[in-house]
Amino acid sequence: MCKIELVEFNNELLEGIGSYCLRSKKKSSGYLNKNKWLNNRFEEGLKYVQVIDNKKQVGFIEYTEAEYSSRVVHADGYLVIHCLWVSEIGKGYGTRLINKCLEDAKKLAKKGVVVISNSKTSWAPSKEIFLNNDFQLIDTAPYDFELLVYPLSNESEQPYFPNDWEERLKKFNNLTILRSFQCPYVEIATENIIAGANKLNIPVELIDLKGREELMQLSPTPYGIFSVIYKGQLLTFHRLTVHSVIKKLRELT
């Protein structure tokens, strides 16, 4: 009989088993940066839960209190889901993980749980599984971002996105990368931007976001942890190939 279990990570488990994303490249900078980031966040109450099927890692969920989250959303008193990923759909893995988050939210007397989705990239969860688990779509932002909530109280004021995205972009004229290592793929995404920019002799400014306050002030998208801006326009918020970087930069040069 198959045995499916949820394993909630701590520093010791992370050291022994390792995080889920990029686990095939455990010596890469991205993987190592992600594990370091997780170790620092556990003290803030971040939850990193893997689903194990017959002793095999098949998915995970990551969530934390909004006051510490890496997403640009006003949601004090809520839990924010950063990531949800499973290796195979139709097995109920995703629903199990979502239910674990909801259970924790109830134990912590939270107002509810929110998640930011985007149908255009795998760097953010898709909304369908959340809608199927009774989340509600309550707000949208440029670049196809959507905000979903599972309410656990009768709060009159719901979570919401900022509305100054264009103003944020105008702060940056030089080619600028804003990043945090919440995602292990940020490292390779950064390398591709720099490689493409070097081909065109365009200098790159790199800003490592030091905390939520800076992220909330500077990020031009709800995703928060990776943004590339050039001449006041968003180049990308997810990984591009070097060829795509060069193409996009030429269009803006």
Principal axes first, then extents: for the Cα atoms of region 106-182, list largest minus smallest coordinate on each axis, whole Å, largest first. 45, 26, 23
Can you compute 3J(HN,Hα) from phi for each residue in region 157-166, using the Karplus curve 6.51 cos²θ - 1.76 cosθ + 1.60 with θ = phi - 60°, rounded to whole Hz and x for Gly and Pro? 9, 8, x, 7, 7, x, 10, 10, 4, 5
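Just in region 186-222: which trypsin sites (Lys or Arg not before Pro) are loop by DSSP and have at most 10 other Cβ atoms within 10 Å?
Counting only loop positions with at most 10 other Cβ atoms within 10 Å, the trypsin sites (Lys or Arg not before Pro) in region 186-222 are LYS210.
Using a 1.4 angstrom probe with every protein chain in place, what is the largest-first accessible-area order of ASP104, ASP144, ASP76? Working shown, then result.
Numbers: ASP104 15, ASP144 80, ASP76 100 Å².
The ranking, largest first, comes out as ASP76, ASP144, ASP104.
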Compute the length gained on full extension between GLU8 and VAL204: take 0.36 nm times their separation in residues and subtract their Cα-Cα distance, giving the result in nm to one decimal. 66.7 nm
How high is the relative contact order of the chain, given as a whole-number percent (alpha carbon pairs under 8 Å, six or more residues apart)? 17
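Given the DSSP H assignment, sum -39500 (n - 2.57) over each helix run of at least 4 residues in the chain and divide by its residue total; what's the result at 222 nm in deg cm²/dmol, nearest 500? Provide the component values of the computation, followed by the final result.
Values: 8 runs with 77 residues, N = 253.
The helix contribution divided over the chain gives -9000 deg cm²/dmol.
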Residues whose modelled amide H sits under 5 Å from the amide H of GLY112, counting only those 5 or more places away in sequence or on another chain, are LEU79, LEU152
For ASN173 and MET216, what is the calculated FRET efficiency with R₀ set at 30 Å and r taken between the beta-carbons, to the nearest 0.05? 0.85
Label-point separation (nm) for ASN39 and LYS231, each offset 7 Å from Cα along Cα-to-Cβ? 4.3
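State in Å² the accessible area per residue of the chain; use a 1.4 Å probe, count heavy atoms of protein chains only, and round to the nearest integer.
Numbers: 12680 Å² over 253 residues.
Per residue, the chain has 50 Å² of solvent-accessible surface.
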Please determine, in degrees from 0 to 90 and to the nearest 10, the orientation of helix 186-199 with respect to the longest principal axis defined by the Cα atoms of the chain, where the helix direction is its Cα long axis. 10
Tabulate in residue order the Karplus-calculated ³J(HN,Hα) for region 12-17, using 6.51 cos²θ - 1.76 cosθ + 1.60 with θ = phi - 60°, rounded to whole Hz; enter x for Gly and Pro. 5, 5, 4, 5, x, 9
Cα gyration tensor shape for region 1-105, rounded if a/c is under 1.5, else prolate or oblate: oblate
Cα centroid separation - region 160-190 against region 40-54, whole Å: 25
If you take the square roots of the eigenvalues of the alpha-carbon gyration tensor of region 127-253 and sort them as a ≥ b ≥ c, do you get rounded (a/c under 1.5), prolate (a/b over b/c) or oblate? prolate
Under 15 Å by backbone N from the virtual spin label 7 Å along Cα-to-Cβ at TRP85, the residues of region 105-149 are 118, 121-126
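If you roll a 1.4 Å probe over the chain with all protein chains in place, what percent of the accessible area is carbon or sulfur?
Values: 5870 of 12680 Å².
In the chain, the share of accessible area belonging to carbon and sulfur is 46 percent.
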Separation between the LYS107 and LYS56 pseudo-spin-labels, each 7 Å from Cα along Cα→Cβ, expressed in nm? 2.9
Starting at the first residue of region 44-49, write each ³J(HN,Hα) from the Karplus equation 6.51 cos²θ - 1.76 cosθ + 1.60 with θ = phi - 60°, in whole Hz, x for Gly and Pro. 8, x, 4, 10, 10, 10
Pairs LYS34/LYS247; LYS55/LYS106; LYS199/LYS247; LYS107/LYS127; LYS34/LYS120; LYS3/LYS110: which exceed 21 Å Cα-Cα? LYS34/LYS247; LYS55/LYS106; LYS107/LYS127; LYS34/LYS120; LYS3/LYS110
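The values are calculated or read from the model by the stated rules, or taken from the named source; none is laboratory data. Just so it is clear, the model here is predicted, and its values are computed rather than measured. Here the Cβ is made from the backbone with ideal geometry for all residues, glycine too, and neighbour counts use every protein chain on show. Heavy atoms of the whole protein, side chains included, go into the accessibility calculation; ligands, DNA and RNA do not. Shrake-Rupley method; radii C 1.70, N 1.55, O 1.52, S 1.80 Å.
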